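These notes concern the structure reproduced below.
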Amino acid sequence: MLKALIIDDELQSREMLLSDIRQHCPGVKVMCMCASGKEGILAIKKEKPDLVFLDIEMPWMNGFEMLEMIDRVDFSIIFTTAHDRFAARAFRLSAIDYLLKPIDSKDLKEAVRKAELKSQDNNNIHIDNLLKNFRRSDEDQKIALPNRDGYEFVDFKHIIYCSAEGAYTKVYLDNNTHILVSKSLGDIEELLAPEIFQRIHHSTLVNIRCVTHFIRTDGGYVKLSSGEQLPVSKSRKEEVMQKLGLKK
């Protein structure tokens with residue numbers, strides 16, 4: 001049984017989430033509900049929860065500010081948020097679970113299932129990475145790439161290109177290594193900054209800043225700083241040229 005807290009300044013949101021948890025998550029016991037970050041800090045110290053449902057947008061002290069006042073996050077966190085897609089991407093980058101309001105019961109059950117299975121060992125790392133990603137520009141952000149042992153955090157700027165391998169993706173780095181990730185290329189594309197990464201082919205996504213040459217002949221291809229040459233599909237050619245600031 002997971003001991004849980006709900007921290008949200010909106011009474012209706014707290015009560016709705018409590019009702020959903022009781023109905024759909026029998027393995028979770030809500031110890032108390034808090035209406036502010038200050039109440040949340042006190043409740044965490046007292047109850048020592050396994051899981052915290054934490055709203056981001058709260059007056060006086062938001063969810064992130066509350067976390068920065070806690071020395072060690074030794075519990076799982078599921079953020080509840082009405083933030084837009086940009087914020088949601090930051091959660092995925094950091095391998096942190098989140099629920100978009102209004103909360104769907106299927107999403108709730110899946111997030112709780114992950115919390116039940118998750119080790120607490122890397123919680124501080126994941127939270128720290130999330131907070132940094134919200135403060136950084138896109139080019140300085142890190143992405144959490146899942147591997148057999150957990151997650152590997154990689155700076156965007158070290159990714160040269162990504163290549164589809166069926167349901168997997170190979171992420172090629174600037175140190176002449178690659179990481180095989182158990183996500184599709186489309187999933188990886190959603191996480192990466194669209195200002196920096198561009199599809200040049202249905203199976204290839206490149207870091208535009210690593211492109212050293214664009215060659216029109218032989219169907220069109222790009223040369224990368226790694227020395228590799230990758231074909232540009234006919235359907236992507238105009239879009240790639242625009243991203244590179246080239247005229248037709």
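Angle of helix 123-135 to the longest C-alpha principal axis of the chain, folded into 0 to 90 degrees and rounded to 10: 60°. Computed from Cα atoms, the angle from the helix 11-24 axis to the main principal axis of the chain rounds to 80 degrees. Residues whose amide H falls under 5 Å from that of L2, counting only those 5 or more places apart or on a different chain, are V28, K29, with hydrogens built in the peptide plane.
For the pair V154 and K106, the difference between a 0.36 nm per residue extended length and the Cα-Cα distance amounts to 14.3 nm. Rounded to the nearest 10 degrees, the inclination of helix 105-117 to the longest alpha-carbon principal axis of the chain is 90 degrees. Of S13, S235, S105, which is the most mobile in a GNM of the chain whose springs link Cα atoms less than 10 angstrom apart? Result: S235 has the largest fluctuation of those listed. Were the residues from I208 through N62 laid out at 0.36 nm apart, the gain over their Cα-Cα distance would be 49.0 nm.
Using the alpha-carbon positions of the chain, Rg (one decimal) and Dmax (whole number) come out as 21.1, 68 Å.
Here the simple spin-label model places points 7 Å from the Cα toward Cβ, and for Q242 and S225 these points are separated by 2.6 nm.
Read the figures in this text as sums done on the coordinates, not as results from a lab. Keep in mind the model is a prediction, meaning the values are calculated, not measured. Cβ atoms come from the backbone with ideal geometry, glycine included; neighbour counts cover every protein chain shown.
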